[in-house]
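In what follows, a structure is listed as structure tokens, so that the remarks can point back to it.
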Amino acid sequence: MKKTVKDIDIKNKRVLMRVDFNVPMADGKVTDDKRIKAALPTIKYVLEQGASLILMSHLGRPKSASDSAFSLRAASEALAALLGTPVQMAPDCVGAEVEKLAKAMKPGDVMMLENTRYHAGEEKNDLDLAKQMAALGDVYVNDAFGSAHRAHSSTEGIARFLPAVSGFLMEQELEYLGRAVANPEHPYIAILGGAKISDKILVVETLLSKCDKLIIGGGMANTFLAAQGLNMQDSLVEAESLELAKTILAKSSDKLILPVDAIIADKFDADANTQIVDVDKIPAGWRMLDVGPKTLELYKTSLNGVKLVVWNGPVGVFEMPKFAEGTFALARMLAESGAITVIGGGDSASAVKKAGVAKQMTHVSTGGGASLEFLEGKELPGVAALLDK
Ligand code: AMP
């Protein structure tokens, strides 16, 4: 267990908080303020405790500090609107001028630092940069779960120079994702989808060691079906992962739930012709792009009475309406399951949102890559750096 901002005294202190304001932008405006809203509980708590608050984040991949398209100014304005108080925009994230501004802050003041990636040292976890960042505050709070799998100056290095604790969003992520890897409730069903096994092999193995059943769908399932000797025709199959799939099947076939039927297409296209067939009857020239109705029935029966579900990755090409039903139907089943439902970030988070059931999930992770690494059982550097309770 990591210390949270509630475990330390922050009254009259300068709280330096890493947030994930890596928000989508268009025409210099924030187009989706979900990540800013997600940080509000910690932000408000810090201000209510009588601290001043200095926020730091990365945004996109700027090549240099003169790349104003990656400024956090728009995010600071969006935050000011949500908070109803002014947010001062700093000209940089380190340096004499910023230190002066930080020293002049009073309890209740909020300042947003400029993009941490304006400095090349950030992604190298440059400790000199981290030390300069740390000079701005008295304590460090990390509420950026989505960046915690990267050891950068603002996520890992900085924690070596200040008392470092988690914010509430980080705490929530660790609690819910932690259940899946530490003490899961049973029956526990894990669901993995997405394109490639090679990206998810570690998570397959970790989940298999914890869960009662593992549903594998999406492109990943094709390689397993091919490993069972089925001709997947033009479906995405990773030849280099076939052996691995065979090994996993040999060891854990009783736990695996693979598709039994499929929605197939004559091309990889939103307007392709489609048909529903059993997975062993895919005609030449066709490919599997979604799971079929019999498979969804199988999912429904498996999910009956389940206590915990962890889901990462779509079971079909859900970006195209003709191949989205499997993923959306699965999302609705989770909403009705009565189980604790933990959704890994990225595509699955957007799928539950598109299916209109995001609010009915117990936890939708804000971190795609970070949640996957966490589920693999890895310790995230940005989390490891925080103080233990
Ligand atoms: P990943 O980034 O590995 O989680 O993969 C997500 C992507 O997998 C999504 O963009 C889906 O369109 C894609 N996907 C899901 N099912 C399939 C499939 N049967 N064939 C090809 N791609 C798929």
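State all residues of the range 177-193 that are farther than 17 Å from Met361 by Cα, surrounded by fewer than 23 Cβ atoms within 10 Å (Cβ to Cβ) and in contact (Cβ under 8 Å) with a residue 40 or more places away in the chain; if no residue qualifies, say none.
Within the range 177-193, Val181, His186, Pro187 qualify.
Any residue that is within 15 Å of the ligand (Cβ to nearest atom), open to solvent by 50 Å² or more (accessible area, probe 1.4 Å), farther than 30 Å from Thr362 by Cβ and aliphatic (A, V, I, L, M) - is there at least one of those in the range 274-282?
yes
Return the residues of the range 10-29 that are open to solvent by less than 50 Å² (accessible area, probe 1.4 Å), touching a residue at least 24 places away in the same chain (Cβ under 8 Å) and not charged (D, E, K, R); say none if nothing qualifies.
Ile10, Val15, Leu16, Met17, Val19, Phe21, Asn22, Val23
When you scan the range 192-267 for helices (runs of 4 or more DSSP H) that lie fully inside it, which ones turn up with 3 or more residues that are more than 24 Å from Val309 (Cα to Cα)? Before you say what the answer is, go through the steps one by one.
Numbers: elements: 201-210, 218-227, 242-252.
Those helices (runs of 4 or more DSSP H) span 242-252.
How many residues, within the range 190-237, are within 7 Å of the ligand (Cβ to nearest atom), of a type in the set (S, T, N, Q) and on the phi > 0 side of the Ramachandran plot?
0
How many residues does the range 297-328 hold that are over 21 Å from Asn183 (Cα atoms), away from the ligand (no atom under 14 Å from the Cβ) and open to solvent by less than 10 Å² (accessible area, probe 1.4 Å)?
Residues that pass the stated criteria total 1.
Conditions: (1) open to solvent by less than 80 Å² (accessible area, probe 1.4 Å); (2) out of contact with any strand residue (DSSP E or B) (no Cβ under 9 Å at 6 or more places or on another chain). Asp7 meets all but one. Number of the miss?
All conditions are met except number (2).
The values are calculated or read from the model by the stated rules, or taken from the named source; none is laboratory data. Only a predicted model underlies this, so the values are computations on that prediction, with no experimental measurement involved. In this analysis, Cβ positions are derived from the backbone assuming ideal geometry, glycine residues included, and neighbour counts consider all displayed protein chains. Note: accessible area is taken over every heavy atom of the protein model, side chains too, but ligands, DNA and RNA are not part of it. Shrake-Rupley method; radii C 1.70, N 1.55, O 1.52, S 1.80 Å.
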